[in-house]
Amino acid sequence: MAKLIKLHRSQNHRMIAGVMGGIAEYLGWSPTMVRLAFVIISCASAAVPGILIYLVLWLMMPNATPASYADYGVYRS
């Protein structure tokens with residue numbers, strides 16, 4: 001299983017821009033669960049709209065390249 005070394009937008013788990021997929025790959029979580037948590041938190045918070053956070057992350061996070069991924073076995077202890 002490949003894991004992102006730094007936080008990048010995902011190439012593998014991309015629905016719109018790969019932001020939530022990149023966060024999920026970086027943390028080693030399920031992309032579906034990260035997306036679901038983002039939607040729930042966005043709906044529950046009235047102060048900061050989730051779409052604004054998503055757009056900022058889309059602009060700030062670089063796109064992943066094949067060199068952005070490392071073999072998961074390297075990080076196991």
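The values are calculated or read from the model by the stated rules, or taken from the named source; none is laboratory data. The structure displayed is predicted, hence computed values, not measured ones. No Cβ is skipped: glycine too gets one built from the backbone with ideal geometry, and neighbour counts run over all protein chains shown. For the accessible areas, the whole protein counts, side chains as well, though only heavy atoms, and no ligand, DNA or RNA atoms are used. Shrake-Rupley method; radii C 1.70, N 1.55, O 1.52, S 1.80 Å.
Things worth noting here:
- The phi torsions of region 13-30, fed into the Karplus equation with coefficients 6.51, -1.76 and 1.60 and a -60° offset, translate into couplings of 10, 9, 10, 10, 10, x, 5, 5, x, x, 5, 5, 5, 5, 8, x, 9, 6 Hz, rounded to whole numbers, with Gly and Pro shown as x.
- Of the residues His8, His13, the one with the largest accessible area comes first in the ranking His13, His8, computed with a 1.4 Å probe on protein heavy atoms.
- Rolling a 1.4 Å probe over the protein heavy atoms leaves Thr32 with an accessible area of roughly 90 Å².
- Computed with every protein chain present, the accessible area of Met15 is close to 150 Å² [probe 1.4 Å].
- Region 11-60: radius of gyration over Cα atoms, expressed as a fraction of 2.2 N^0.38 Å: 1.10
- Here the gap between Asn63 and Thr32, fully extended at 0.36 nm per residue and compared with their Cα-Cα distance, gives a gain of 9.2 nm.
- Nonlocal amide H pairs with Asn63, under 5 Å, H built at 1.01 Å: Arg9
- Rough spin-label spacing in nm, given labels placed 7 Å along Cα→Cβ, for Ile53 and Met15: 1.5 nm
- Average accessible area per residue (Å²) across region 1-41 - probe 1.4 Å, nucleic acids and ligands excluded: 63 Å²
- Note on Leu7: accessible area approximately 80 square angstrom, rounded to 10, probe 1.4 Å, nucleic acids and ligands left out.
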